[in-house]
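The structure appears below as structure tokens.
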Amino acid sequence: MTKIHQMLPNYMPLDAIGNCVTVMRDLLRQWGYGSEIFAKMIHDDLKARDYRLFEAEKDDSFVIYHYSTGSPVNRFALDNAKNLILMYHNITPAKFFSGFNEDAERNCREGRDFLKKFAGKVKFAMAGSPYNARELEEMGFGSVAVVPYILDFDKIKPSGFNPFDDEKTNILFVGRISPNKRYEDLLKIFYFYRKYVNTNSRLVLVGGYAPTERYYLYLQSIIDSLKIPDVCFTGFVPDDELGDYYDAASLFLCMSQHEGFCIPVIEAMRFRLPVVALANTAVTDTMGYAGALVNRSDPNEIAELIGLILENNKYKSAIIETQLKRVDDFAREKMTENFRQALTRAVSGAAV
């Protein structure tokens, strides 16, 4: 039996990489491969093996290595996996964490520097988006297969519970509270929107954070200085509740300056929310021909654009119709077949 294992630094539930690893493992086993997951940090709710135990597996097995941060597992995979397949999820540039999180800044810098060592050493390379693939190609990886996430839309459904239960217009963003997501831009846009376009509105920010984190405190200082009301930080929201926040929203707003894919954009489209997003990094690829892409984060202009979309039903409906076609581009069966074809190339010996 051919073995195709997976390895990564941190195997966590309810995040994009952890979900990707779980889905790939299940498919690999379904297709008849022996497949285990090896990681350094393993959540209690997940089943995997300590990455150092992989030494006992040093045979002709393949290893899909999920690269996303600086970690000692990066070196271990490079040194110990004979048939290495790289899956690149991207790494946030360290500059975003400067002044906010020294550990994250260091890990991101080290991760990007070490990634170059994989060029010429892997049997095959995959990337979660065209943007990620271009980064690898610029580092000398040659041809890279684009393998977007295999999304399970059925995991996120509205339960019928309205988390707000009022008539306010809810502007939504979903993503961890991190500097690259540019939450400060969301706050400034909402300031103009609420003050000059629609006073009966709310900004809903769904994502995990610690109340003592410097970046979160920085965001609170902006709210205080501008006296912005109706800003809701929900904290972490599990999948079985997330659908209710999408369902209660009127529009999805993303001003992130760095993404490797941005799954919430597709989730929002599926919930028939018009999406306004900054055309930057992988967000441009993920949005594709759908939604409303803006080239700069101008709070006043974007506030007016949001008002135009929400007040013009014909314009809004046209955006939603195109977005639903974009969602179909990422249908589970299509992405599964895409992964299967890439895997076939990797196992058959296509060189990078």
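The values are calculated or read from the model by the stated rules, or taken from the named source; none is laboratory data. Here the structure is a predicted model, which means the values were calculated and not measured. Positions of Cβ are backbone-derived with ideal geometry, glycine not excepted, and every protein chain shown enters the neighbour counts.
If a residue must be surrounded by fewer than 20 Cβ atoms within 10 Å (Cβ to Cβ), touching a helix residue (DSSP H, G or I) at 6+ places or on another chain (Cβ under 7 Å) and not in a loop (DSSP other than H, G, I, E, B), how many such residues does the range 113-167 contain? Total satisfying the criteria: 6. Taken across the range 58-72, residues that are at pLDDT 95 or above, under 24 Å from the mean Cα position of the chain (by Cα) and in a helix (DSSP H, G or I) do occur, with at least one present. In the condition set (1) surrounded by 23 or more Cβ atoms within 10 Å (Cβ to Cβ); (2) part of a helix (DSSP H, G or I), L86 is compliant with all but (2). Summed over the range 40-57, the residues that are under 28 Å from S129 (Cβ atoms) and in a strand (DSSP E or B) give a count of 3. Being assigned by TED's automatic domain parsing to the domain that holds C20, among the small types (G, A, S), buried (at least 19 other Cβ atoms within 10 Å of the Cβ) and under 18 Å from G111 (Cα atoms) is a condition met by no residue of the range 46-62.
Say whether the condition of being touching a residue at least 40 places away in the same chain (Cβ under 8 Å), aromatic (F, W, Y) and outside the structural domain of S98 (by TED's automatic domain parsing) is met by at least one residue in the range 259-268. Yes: one or more hits. Quick one: would you say A77 is touching a residue at least 12 places away in the same chain (Cβ under 8 Å), small (G, A, S) and assigned to a strand (DSSP E or B)? Answer is no for this residue. If you check A282, A290, A303 for being under 20 Å from A127 (Cβ atoms), buried (at least 20 other Cβ atoms within 10 Å of the Cβ) and among the small types (G, A, S), only one passes: A282.
Taking S98 as the residue in question, decide whether it is within 25 Å of Y131 (Cα to Cα), free of Cβ contacts under 8 Å to residues at least 40 places away in the same chain and of a type in the set (G, A, S). For S98, the condition - within 25 Å of Y131 (Cα to Cα), free of Cβ contacts under 8 Å to residues at least 40 places away in the same chain and of a type in the set (G, A, S) - is met.
Within the range 1-39, being under 21 Å from the mean Cα position of the chain (by Cα), part of a strand (DSSP E or B) and within 20 Å of N338 (Cβ to Cβ) holds for one residue alone: Q6.
Look at D154 and say whether it is at pLDDT below 95 and within 19 Å of the chain's Cα centre (by Cα).
On the way: at pLDDT below 95: yes; within 19 Å of the chain's Cα centre (by Cα): yes.
Taking the combined requirement at face value, the residue satisfies it.
Against the conditions (1) touching a helix residue (DSSP H, G or I) at 6+ places or on another chain (Cβ under 7 Å); (2) hydrophobic (A, V, I, L, M, F, W, C); (3) under 25 Å from T92 (Cβ atoms); (4) in a helix (DSSP H, G or I), L242 satisfies every one except (1). The residue of the range 201-223 that is surrounded by the fewest Cβ atoms within 10 Å (Cβ to Cβ), among those that are closer than 20 Å to C262 by Cα and in contact with a helix residue (DSSP H, G or I) (Cβ under 7 Å, 6 or more places away or on another chain), is Y209.
Evaluate the following for G291: is it touching a residue at least 24 places away in the same chain (Cβ under 8 Å), under 16 Å from F330 (Cβ atoms) and touching a His at 6+ places or on another chain (Cβ under 6 Å)? Full working, then the answer.
Numbers: touching a residue at least 24 places away in the same chain (Cβ under 8 Å): yes; under 16 Å from F330 (Cβ atoms): yes; touching a His at 6+ places or on another chain (Cβ under 6 Å): no.
It is false that G291 is touching a residue at least 24 places away in the same chain (Cβ under 8 Å), under 16 Å from F330 (Cβ atoms) and touching a His at 6+ places or on another chain (Cβ under 6 Å).
Taken over the range 3-41, the criterion of being among the polar types (S, T, N, Q) and buried (at least 20 other Cβ atoms within 10 Å of the Cβ) is satisfied by Q6, S35. For first residues located in the range 184-200 and buried (at least 21 other Cβ atoms within 10 Å of the Cβ), partners that are among the acidic types (D, E) and assigned to a helix (DSSP H, G or I) and lie 6+ apart or on another chain with Cβ distances below 7 Å do not occur. Name the single residue that is farthest from the chain's Cα centre (by Cα) among those in the range 267-279 being assigned to a helix (DSSP H, G or I) and surrounded by 23 or more Cβ atoms within 10 Å (Cβ to Cβ). Top of the filtered list is M269.
I'd like to know if the range 89-98 contains one or more residues that are surrounded by 13 or more Cβ atoms within 10 Å (Cβ to Cβ), outside the structural domain of Q257 (by TED's automatic domain parsing) and farther than 30 Å from T212 by Cβ. Scanning the range 89-98, I find no residue that is surrounded by 13 or more Cβ atoms within 10 Å (Cβ to Cβ), outside the structural domain of Q257 (by TED's automatic domain parsing) and farther than 30 Å from T212 by Cβ, so the answer is no.
Looking only at the range 296-338, residues that are outside any loop (DSSP other than H, G, I, E, B) and in contact (Cβ under 8 Å) with a residue 40 or more places away in the chain come to 21 in all.
So in the range 306-329, with the set limited to residues that are of a type in the set (K, R) and surrounded by 15 or more Cβ atoms within 10 Å (Cβ to Cβ), which one is nearest to M269 (Cα to Cα)?
R326
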